[in-house]
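The values are calculated or read from the model by the stated rules, or taken from the named source; none is laboratory data. Here the structure is a predicted model, which is why all the values come from computation and not from measurement. So basically every Cβ, Gly included, is an ideal-geometry build from the backbone, and we count neighbours across all protein chains shown. In case anyone asks, the SASA skips ligands and DNA or RNA and just uses the protein heavy atoms, side chains included. Shrake-Rupley method; radii C 1.70, N 1.55, O 1.52, S 1.80 Å.
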Amino acid sequence: MIKNIYGHSVALHSSAFKYGSIISGQGICPPSSEILKPGVKLEVHCIQPLYTLYTQGPKIVSLERPCVPNSAFLIHNTCSTPLTEKNNGRCIEVLKNTEGFVSYCPILFMTLMTFDTKFTQDQGEFIQWSITLEEF
């Protein structure tokens, strides 16, 4: 936040980015539609990592979202070094004399928007399903 010439506070950063996700699958046993109803809140441990800007240690790096346990690494050239999570996965400690990009898998807190199922008989009886999630 900065103040303009009239003394009003102005935010120069954009509003927070929200993630969405569609998860789909098929088989004879889909997820339970009794549990997965629109509006249900879910904690999603992502497998796709996020990266921070280049950083040099010693430093505590604040993360945009909590970190999946044991998923944080410092990436430099062709090597990666495991990092220690702090503050319930909200921060990462980059040690002295180290530098690189912090890579971590985020935990997203999401709302279930839709849960769709479709029965098929292509190769026996299968149920195709998909859920649509939105970060809250």
Using a 1.4 angstrom probe on the protein heavy atoms only, could you order 102, 44 from most to least accessible area? 44, 102
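Using DSSP loop states and a limit of at most 16 other Cβ atoms within 10 Å to flag trypsin sites (Lys or Arg not before Pro), what is the longest stretch of the chain containing no flagged site?
On the way: sites that count: 18, 90, 96.
By the stated rule (loop sites, at most 16 other Cβ atoms within 10 Å), 19-89.
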Can you tell me how much longer the chain between residue 111 and residue 88 gets when fully stretched, taken as 0.36 nm per residue apart minus their C-alpha distance, in nm with one decimal? 6.1 nm
Note the count of lysine pairs whose C-alpha atoms are less than 20 angstrom apart in the chain, limited to pairs 8 or more residues apart or on different chains. 5
Quick one: work out Rg over Rh on the C-alpha atoms of the chain, Rh as Kirkwood radius. 1.14
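Quick one: grab the alpha carbon gyration tensor of segment 36-86, order the square roots of its eigenvalues as a ≥ b ≥ c, and give me rounded if a/c is under 1.5, else prolate or oblate depending on whether a/b is larger than b/c. Walk me through the numbers on the way to the answer.
Values: a/c = 2.87, a/b = 2.28, b/c = 1.26.
Judged from the Cα gyration tensor, segment 36-86 comes out prolate (a/c at least 1.5, a/b above b/c).
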